[in-house]
1. With a 1.4 Å probe and every protein chain kept in, tell me what percent of the accessible surface of the stretch 1-157 is carbon plus sulfur.
2. Going by Cα centres, the stretch 124-203 and the stretch 59-79 are how many Å apart?
3. Considering amide H positions built from the backbone, and no H for Pro or chain starts, which residues 5 or more places from Ala49, or on another chain, come under 5 Å of its amide H?
4. Using alpha-carbon pairs under 8 Å, 6+ residues apart, how would you state the relative contact order of the chain in percent?
5. Taking a point 7 angstrom from the Cα of Lys62 along the C-beta vector, which residues in the stretch 4-20 have backbone N less than 20 Å away?
6. What list of whole percents do you get for P(r) of the stretch 249-337, with Cα-Cα distances grouped in 5 Å bins up to the one holding the largest distance?
7. Given the chain, what whole percent of its Cα pairs are spread farther than 34 Å?
8. With Rg and the Kirkwood Rh both taken from Cα atoms, where does Rg over Rh land for the stretch 204-288?
Amino acid sequence: MTSLVQHITIDCADAYELARFWAEVLDSPLADDDRPGDPEALVGAPGAALLFVTVPEPKRAKNRVHLDVRPEDRTRDEEVERLLAVGATLVADHRKPNGRGWATLADPEGNEFCVECGAGERAALTGTRLPVTADDVTLAVRLAVDVMAQAPGDGWRTPAGTLEWDCWETVEHLSDDLFSYAVQLGPRQPPQDRLVPYHFAPRREGGPWNMVFADPETGSAGLLQTLEASGALLSAMVRTTPADVRSHHAYGVSDPEGFAAMGIVETLVHTHDVAAGLSISWTPPRDLCDRVLARLFPDAPDDEDRWTVLLWSTGRTDLPGRDRVTSWKWHGTPLAG
């Protein structure tokens, strides 16, 4: 059996006040029932929650264990300035002129912690590719669901862009893709030469062959709920599956990051198809497009708008000075290095 870390517990003089500071650091909520003066307070941080416990003993020496934090949407230096403004103090500055290194700060009770470069900044400094993550899957699906939820309820049987399917069928197909990628990572010994043997079938002649179908009686809200659920399954499997696991895909045996990237590309381009059919606007984030292009289309042009390049790579638009793509597939196998 395996033990898991449930909390990281920090002794302190005022549990509630110190928890408030760390909730600000991590942009995570305090537990609903925590109040000023409580002997314990919980911050529901991703990965492992932080539990603060009031004790009578003061802090006397440097902590033998400390937290390392990295910003997700700003630079290391911007994060240091933000944390100083909310109550941290600078203990030691180990930042280097080349952009590497870290800063050691202390929280309001003197507990040391370090601020490092985030993944994007680290990738820029080292010239490496920024990986595709489970959080990227979640982001792509939520953005797609939010956009499609704006559509009127009477247009879902119109053709989805240039596809042979209507908008409803295309979302069902997308839900099915995400589900299929998730279950490929599920078995203790994922198959290397075939799909996990669920039953596929179309609902009509010429319709998509799916395992997943939405109940038409639930309307578009139910349809989009199936999409969000399938996306959550893929995100969970990518997050919890070891990086060295491999499983079958028609375009080559892939890894968890590859399945994440495939799910995101399916989400972005099929939402484009549906948006065309429903006459709604859809432009996903540039950096998300860039990450999946680097993982699945490593030879794609790097000097054009990233969303346009992704649409071109999947045969959906023209790119100036280049032939239209009429047959395509992605590079699903793990990239070297």
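1. On the way: 4860 of 9480 Å².
After summing per-atom areas, the C and S share lands at 51 percent.
2. Result: 36 Å between the Cα centres.
3. Ile8
4. Working: 566 pairs, mean separation 46.8, N = 337.
Once normalised by length, the contact order is 14 percent.
5. 11
6. Bins of 5 Å from zero give 3, 14, 25, 25, 20, 10, 3, 1, 0 percent of pairs.
7. Numbers: 21786 of 56616 pairs.
Everything past 34 Å amounts to 38 percent.
8. Values: Rg = 15.0 Å, Rh = 15.0 Å.
Taking Rg over the Kirkwood Rh, I get 1.00.
The values are calculated or read from the model by the stated rules, or taken from the named source; none is laboratory data. In this text the structure is predicted, and so the values were computed from the model without any measurement. Glycine gets a Cβ as well: all are built from the backbone with ideal geometry, and neighbour counts include every protein chain shown. For the accessible areas, the whole protein counts, side chains as well, though only heavy atoms, and no ligand, DNA or RNA atoms are used. Shrake-Rupley method; radii C 1.70, N 1.55, O 1.52, S 1.80 Å.
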